[in-house]
Amino acid sequence: MLGRVSSPLPPNLAHWLSLLGPETLVPRAEVRTYPAGGETPPSPEPAREASLARLEALREEASRCTACPLHEGRKNSVFADGDPKASLMFIGEGPGRDEDLQGLPFVGRAGRLLTDIIEKGMGLRRAEVYIANVVKCRPPQNRTPTPEEREACGPFLIEQIRCVHPRALVALGATAARYLLATEAPMRRLRGRIHMLEGIPLVVTWHPAYLLRRPEAKRETWEDIQRVMRILGLSAPRRPGGHGSS
Ligand code: SF4
């Protein structure tokens, strides 16, 4: 697991942040509570054991959830993958066919590209990070989840963020970014800066599926990933052929 808050930010971070322009503070419109609700929301620094137990309870609840029509076509709900104590959390849109079959996020072609970004680009192991989606059940024909579906399922994600409490969040694509930031702003306004969500820095980048269609956008993704690495105090792995995803 990556070290948590113990290491200080790199000394050049303040200068680097100043080059990005003003930090964007975009609160979500409201603090959503888990639909099965009634419980007291976890504190910002939850006790680790309680958080792990809470995540397992949420995973179980998502597997039985019928709160939106997406449950009708699912083979598996896709809750998350990775280390629940991770310092870095990636958030995508929703499961596709491969993910629905395996019950794991980002395991198809786009998932392999995300793994490359994590392992070849960042020098981490995929198992060291935590990966989840806005909706836990596969939308038909991989369409974008509707606003109603996002609102129905999103509280699972918010609770996951609170339980994992990473040091940095990465929103993969417009659907995740817009849900988390409660905005309809275009990607060109959401990328290239550091947002804050519940006190956690959040960076927006392209979804790996988009990178498969438009490989030229990988350069921008690498810029975004470098931004995340600076937040975490990570340096790029030394590799003979350069850096980044391929
Ligand atoms: S997508 Fe989310 S809210 Fe909808 S049925 Fe699945 S788990 Fe429940």
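No value in this document is a laboratory result; all are computed from the given coordinates. None of these values were measured; they are calculated from a predicted model. Every residue, glycine as well, gets a Cβ built from its backbone with ideal geometry; the counts of neighbours run over all protein chains shown.
Rounded to the nearest 0.05, what FRET efficiency do L52 and R214 have when you use their Cβ-Cβ distance and R0 = 41 Å?
Numbers: r = 38 Å, r/R0 = 0.93.
Result of the calculation: an efficiency of 0.60.
Rounded to the nearest 20, the size of the Cβ-charge dipole of the stretch 140-196 about its Cα centre is 400 debye, with Lys and Arg at +1 and Asp and Glu at -1.
Here R143, R193 are placed in order of increasing Cβ neighbour count within 10 Å, fewest first, which gives R143, R193.
Treating only the Cβ of Lys, Arg, Asp and Glu as charged (+1, +1, -1, -1), what charge dipole size does the stretch 149-246 show about its Cα centre? Round to the nearest 20 debye. Walk me through the intermediate numbers first.
On the way: 16 positive and 9 negative charges, 98 e Å.
Value, rounded to 20: 480 debye.
Per Stokes-Einstein, at 20 °C and 1.002 mPa s, what whole-number D in µm² s⁻¹ belongs to the stretch 91-164, with the Kirkwood radius over Cα pairs as the hydrodynamic radius? Please report the intermediate quantities before stating the final value.
Values: Rh = 13.0 Å.
Here the translational diffusion coefficient equals 165 µm²/s.
Once fully extended, how much extra length lies between R189 and R64, figured as 0.36 nm per residue of separation less the alpha-carbon to alpha-carbon distance?
Details: separation 125, 0.36 × 125 = 45.00 nm, distance 3.69 nm.
Taking R189 through R64 to full extension adds about 41.3 nm, to one decimal.
If you take all other residues with their beta carbon under 9 Å from the beta carbon of V164, and give Lys and Arg +1 and Asp and Glu -1, the sum is +1.
Here's the list of lysines a cross-link from K120 could span, going by alpha-carbon distance under 26 Å and ignoring same-chain residues fewer than 8 apart: K85, K218. The charge dipole of the stretch 65-199, taken about its Cα centre with unit charges on the Cβ of Lys, Arg, Asp and Glu (plus for the first two, minus for the last two), comes to roughly 420 debye.
Sequence-ordered 3J(HN,Hα) estimates for the stretch 204-220 from the Karplus curve with 6.51, -1.76 and 1.60 and θ = phi - 60° stand at 9, 9, 6, 6, x, 4, 5, 5, 5, 7, 10, x, 5, 7, 4, 4, 5 Hz, glycine and proline given as x. Sorting F106, F79 from the fewest to the most surrounding beta carbons within 10 angstrom yields F79, F106.
Note on the stretch 92-188: dipole from Cβ charges, positive end direction compared against G92, I158, V135; the farthest Cα belongs to G92. Each Cα pair under 8 Å and six or more residues apart adds its sequence gap; the mean of these over the residue count of the stretch 147-246 is a relative contact order of 24 percent. Taking the convex hull of the alpha carbon positions in the stretch 101-208 and averaging its projected area over all directions gives 7.1 nm².
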